[in-house]
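Q: Could you have a look at this structure, given as structure tokens, before my questions?
What follows draws every value from the coordinates through simple rules; no lab data is involved. From a predicted model like this one, the values you see are computed outputs, not experimental measurements. FYI the Cβ positions are ideal-geometry reconstructions off the backbone, even for glycines, and counts take in every protein chain you see.
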């Protein structure tokens with residue numbers, strides 16, 4: 001497993017995945033390019049989070065296969081998959097300080113060797129959390145809390161990163177900062193990133209590809225530039241409405 | 001979702017807990033039914049005028065107790081609610097939480113010390129009435145004791161209901177210039193009326209199943225309830241067939257009342273620790289302030305009186321001699337030992353059920369839903385099968401085996417653990433579910449499971465509710481008289497049993513001293529648990 005994690009640049013593929021959430025039938029058949037940031041957009045309740053939960057192993061599909069690299073991970077437990085996920089909230093244990101919260105990414109028993117401690121310190125530096133090692137999550141700002149989550153992603157060092165609207169509750173300036181951090185971390189580690197966002201401009205800013213989800217299905221997928229424009233998929237244009245103009249200007 | 005094996009072991013632990021509880025209750029029923037079949041004529045022979053009188057008295061005292069507790073509680077709660085800055089308000093609320101942790105026998109002794117024939121108030125009461133004060137035995141004593149326990153409980157529950165009113169409603173009321181009467185009619189009363197059936201029902205149930213109070217303060221056949229009649233049939237008349245009849249009737253009675261309460265939407269498991277927040281300022285006239293102060297002070301005196309009397313009478317006993325008695329030491333050690341075991345078992349049961357329920361809630365199958373509802377709401381059964389009922393069943397079952405007295409420790413531990421479990425679940429479940437909700441995914445992702453997860457994640461979140469549940473279960477077990485009254489003997493004595501013995505042989509001073517010891521033990525425990533929990537909650 002360690003070996004597999006060390007291999008960078010793995011793609012993610014959902015091979016005819018079927019899933020049911022309450023009364024909603026979902027079907028995902030889609031591939032994500034390795035070492036690329038793919039934005040995932042779609043209306044609320046369309047199944048974006050479910051898609052990530054399936055890849056991370058928090059939900060079990062009724063049928064189909066999930067491939068990461070060439071390996072079928074469908075029956076693997078979340079911790080065994082070469083995946084890190086950052087949630088919208090609850091990315092930390094409230095009673096553990098920053099250092100421990102990050103350290104858990106290395107050892108689930110918090111028994112850290114010298115090299116692990118160095119990795120944690122390095123990750124904290126990289127995410128701008130130096131000097132805040134002993135703070136509790138509630139003593140941090142919203143942006144800093146998500147930095148803790150990113151620091152843990154760094155020490156976990158797994159090739160796939162799933163982001164479930166992690167910056168949704170941050171203000172514009174903070175969000176820009178976090179996106180910058182995300183882009184630089186991705187460039188450095190060559191991770192395959194799946195990034196759920198409601199902001200077309202965020203997607204335009206960081207992603208190379210786009211997957212648009214509607215009613216539990218992939219309604220459109222492809223290079224991001226194909227989405228913003230007169231020739232973009234109709235469903236996507238309906239979804240973002242008049243923001244299209246704005247987004248196009250930015251790109 | 002999450003790892004299947006963790007899930008399954010959690011569900012398995014929950015199922016095992018349920019089976020253990022079912023075995024305890026099932027064994028009691030097996031005993032009752034076997035005995036009933038063996039001596040059918042004896043069972044039916046027990047239906048007589050005496051039985052009718054007992055049933056009548058059981059219901060009548062419970063009804064009076066509920067009315068006398070709940071109606072004053074409405075006014076006490078309202079008074080406290082309207083004066084968030086009342087001097088000593090936090091102390092009063094703390095004092096009102098005290099009876100919940102105090103063993104019934106301690107309160108009974110306190111009331112006797114105050115209002116008994118030789119009580120502190122006997123002389124003034126004789127002076128007022130002109131005849132020698134006969135002592136507060138019988139219905140009067142039972143009612144005073146029940147109100148002592150339930151008036152504070154009802155007050156806190158009403159206060160909690162009032163505290164759920166949004167602040168904006170109060171602001172709006174004062175902006176519209178509502179006086180106290182209008183505020184009561186339009187805001188306070190509707191809220192309290194919604195809570196009334198639940199609170200009154202709970203008090204009624206608690207009084208129907210009250211054993212210790214009726215045993216110690218009830219006077220002879222004129223003031224006996226079903227529970228005490230069960231005990232007397234088993235320990236004094238050696239008439240198991242009669243006990244079976246009484247026990248089955250007790251169950252039928254409580255089931256009927258439970259169902260009726262269920263219809264009223266009552267929630268019949270009291271909360272072990274209520275949080276009572278204070279409210280923003282309301283403008284209150286001087287007349288009302290005086291009236292409210294009088295109401296609160298009266299309630300305060302009523303609740304504090306027996307507690308003070310317990311302390312004073314206890315200090316008046318020959319404590320040094322008592323402390324030197326081997327029997328007292330033995331009983332204290334036995335009590336603590338059994339209470340610790342019982343509390344461990346109770347918290348363990350509660351935790352495994354809460355965790356199984358949570359694991360099942362994540363699945364969406366029908367079987368899971370059924371088990372979930374059993375694990376989640378099966379708590380009300382405790383009031384249907386009170387300790388005496390369980391004890392009576394097992395007593396009858398074990399009667400011929402020669403194990404009755406040997407079984408005493410097991411019965412005390414098991415029955416009290418199960419009785420305290422609903423309270424423990426109440427303390428543990430919300431924190432457990434909230435922690436699970438927050439941490440489940442992250443733990444799964446980081447591979448935190450088993451011991452690591454318990455040590456790093458679950459224990460820190462659950463330490464406080466565990467301490468609360470543990471202390472409550474231990475206090476309940478320490479104060480238990482129902483089970484030990486049936487199973488106790490010279491070889492297995494707990495403090496309450498020893499106390500009852502001293503009371504029975506008219507060594508009132510000894511009894512008062514032991515009551516003080518027992519009361520202090522329970523309160524110290526609850527206090528420590530509270531501190532422990534608070535320290536680590538930071």
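Q: Relative to the longest principal Cα axis of chain A, at what angle does helix A:114-126 sit, 0 to 90 degrees, rounded to 10?
A: 50
Q: Quick check: the distance between the Cα centres of the range A:135-193 and the range B:83-144, to the nearest angstrom?
A: Result: 63 Å between the Cα centres.
Q: If you don't mind, another one. If you project the alpha carbons of the range B:61-209 onto the principal axes, what extent comes out on each, in Å, largest first?
A: That gives 56, 33, 25 Å along the principal axes, largest extent first.
Q: Let me ask something else about it. Expressed in whole Å with the largest first, what are the equivalent ellipsoid semi-axes of the range A:11-77 derived from the C-alpha gyration tensor as the square root of 5 times each eigenvalue?
A: Working: eigenvalues 68, 48, 18 Å².
So the three semi-axes of the range A:11-77 are 18, 16, 9 Å.
Q: Residue by residue through B:436-445, how many Cβ atoms from other chains fall within 10 Å of the Cβ on average? Walk me through the numbers on the way to the answer.
A: Numbers: counts 0, 1, 5, 4, 2, 10, 11, 5, 7, 18.
Going residue by residue through B:436-445 and averaging, the value is 6.
Q: How do B:58, B:289, B:183, B:164 line up, fewest other C-beta atoms within 10 Å first?
A: On the way: B:58 24, B:289 14, B:183 20, B:164 10.
Final ranking by Cβ density, sparse to dense: B:164, B:289, B:183, B:58.
Q: Also: Distances longer than 16 Å among the Cα atoms of the range B:106-192: what percent of all pairs is that?
A: On the way: 2483 of 3741 pairs.
Result: 66 percent of Cα pairs exceed 16 Å.
Q: Using only the alpha carbon atoms of the range A:174-230, find the Kirkwood hydrodynamic radius as the inverse mean reciprocal pair distance, in angstroms to one decimal.
A: On the way: mean 1/r = 0.0804 Å⁻¹.
For the range A:174-230, the Kirkwood estimate is 12.4 Å.
Q: What whole number of Å gives the distance from the Cα centroid of the range B:413-471 to the Cα centroid of the range A:34-94?
A: The range A:34-94 and the range B:413-471 have Cα centres spaced 28 Å from each other.
Q: Determine, at each q value in 0.08, 0.11, 0.13 (inverse angstroms), the log₁₀ of I(q)/I(0) that the Debye formula gives when each Cα of chain B is one equal point scatterer.
A: Log-scaled intensity ratios, in q order: -0.55, -1.05, -1.41.
Q: Additional query: May I ask you to work out the translational diffusion coefficient for the range B:440-518 at 37 °C, viscosity 0.692 mPa s, via Stokes-Einstein with Rh from the Kirkwood sum over Cα pairs, reported in whole µm²/s?
A: Values: Rh = 15.9 Å.
Value of D from the Cα-based Kirkwood radius: 207 µm²/s.
Q: For the range A:93-157, taking Cα atoms only, what is the radius of gyration to one decimal and the Dmax to the nearest whole Å?
A: For the range A:93-157, the Cα radius of gyration and maximum Cα-Cα distance read 10.4, 30 Å.
Q: Determine the percent antiparallel among the DSSP beta bridges restricted to the protein assembly as shown, to the nearest 5. Can you show the working numbers first?
A: Working: 21 of 39 bridges.
Expressed as a percentage, antiparallel bridges in the protein assembly as shown total about 55.
Q: I'm a student and want to see the number: the projected area of the Cα convex hull of the range A:131-170, averaged over all directions, in nm².
A: Working: hull surface 13.1 nm².
One quarter of the hull surface, i.e. the mean projection, equals 3.3 nm².
Q: Another one. Under 1.5 on a/c is rounded, so check that first for the protein assembly as shown, then, if it is not, pick prolate when a/b is larger than b/c and oblate when it is not; a ≥ b ≥ c are the square roots of the alpha carbon gyration tensor eigenvalues.
A: Details: a/c = 2.42, a/b = 1.97, b/c = 1.22.
The shape class here is prolate.
Q: Sticking with this one: Report the Stokes-Einstein translational diffusion coefficient (µm² s⁻¹, integer) for the range B:41-316, Rh taken as the Kirkwood radius over Cα pairs, at 37 °C with viscosity 0.692 mPa s. The partial results should precede the final answer.
A: Working: Rh = 20.4 Å.
The Stokes-Einstein estimate is 161 µm²/s.
Q: Tilt of helix A:142-156 relative to the longest C-alpha principal axis of chain A, in degrees (0 to 90, nearest 10)?
A: 80
Q: Moving on. Which three extents, in whole angstrom, do the alpha-carbon atoms of the range B:374-496 cover along their principal axes, largest first?
A: 57, 27, 25
Q: A further question follows. What's the exposure ranking of B:159, B:397, going from fewest to most Cβ atoms within 10 Å? Can you show the working numbers first?
A: Details: B:159 25, B:397 22.
The fewest-first ordering by Cβ neighbours comes to B:397, B:159.
Q: Same structure, new question: If we sort B:23-30, B:146-153 on the protection proxy, mean other Cβ atoms within 10 Å, highest first, what's the order?
A: Numbers: B:23-30: 16.5, B:146-153: 24.6.
Sorting B:23-30, B:146-153 by mean packing, highest first, produces B:146-153, B:23-30.
Q: Here is a follow-up. Relative contact order (percent) for the range B:41-316, with alpha-carbon contacts under 8 angstrom and 6 or more residues of separation? Please report the intermediate quantities before stating the final value.
A: Values: 307 pairs, mean separation 95.8, N = 276.
The normalised contact order for the range B:41-316 reaches 35 percent.
Q: Rounded to the nearest whole Å³, what is the per residue volume of the convex hull around the Cα atoms of the range B:30-146?
A: So the per-residue Cα hull volume is 192 Å³.
Q: A further question on this structure: Mind sorting A:100, B:441, A:225 by how few other Cβ atoms lie within 10 Å of their own Cβ, fewest first? Don't skip to the answer; put the middle values down first.
A: Details: A:100 18, B:441 21, A:225 14.
Lowest count first: A:225, A:100, B:441.
Q: Ok, one more. What 222 nm value per residue comes from the helices of chain B, counting each DSSP H run with n ≥ 4 as -39,500 (n - 2.57) and dividing by all residues, nearest 500 deg cm²/dmol?
A: Values: 25 runs with 417 residues, N = 538.
Rounded to the nearest 500, the figure is -26000 deg cm²/dmol.
Q: Separate question: Can you compute the helix-only [θ] at 222 nm over chain A? Use -39500 (n - 2.57) per DSSP H run of at least 4 residues, normalise by all residues, nearest 500 deg cm²/dmol. Show your work: numbers first, answer last.
A: Working: 9 runs with 88 residues, N = 251.
Estimated from H runs of four or more residues: -10000 deg cm²/dmol.
Q: When chain A is modelled as a GNM with alpha-carbon springs shorter than 10 Å, which of A:220, A:79, A:56 fluctuates the most?
A: Between A:220, A:79, A:56, it is A:79 that shows the largest mean-square fluctuation.
Q: Expressed as a rounded percentage, what relative contact order does chain B have, with Cα pairs under 8 Å and six or more residues apart? Can you show the working numbers first?
A: Details: 749 pairs, mean separation 134.9, N = 538.
It comes to 25 percent, rounded to a whole number.
Q: Related question: Semi-axes, largest first, in whole Å: what does sqrt of 5 times each Cα gyration tensor eigenvalue give for chain A? Don't skip to the end; give the middle numbers.
A: Numbers: eigenvalues 175, 98, 51 Å².
Those come to 30, 22, 16 Å.
Q: How many times 2.2 N^0.38 Å is the alpha carbon radius of gyration of the range A:106-251? Could the numbers behind the result be given before it?
A: Working: Rg = 17.7 Å, N = 146, 2.2 N^0.38 = 14.6 Å.
Computed over Cα atoms of the range A:106-251, the ratio equals 1.21.
Q: Kindly work out what percent of the DSSP beta bridges joining two residues of chain A are antiparallel, to the nearest 5.
A: On the way: 21 of 39 bridges.
The antiparallel fraction comes to roughly 55 percent.
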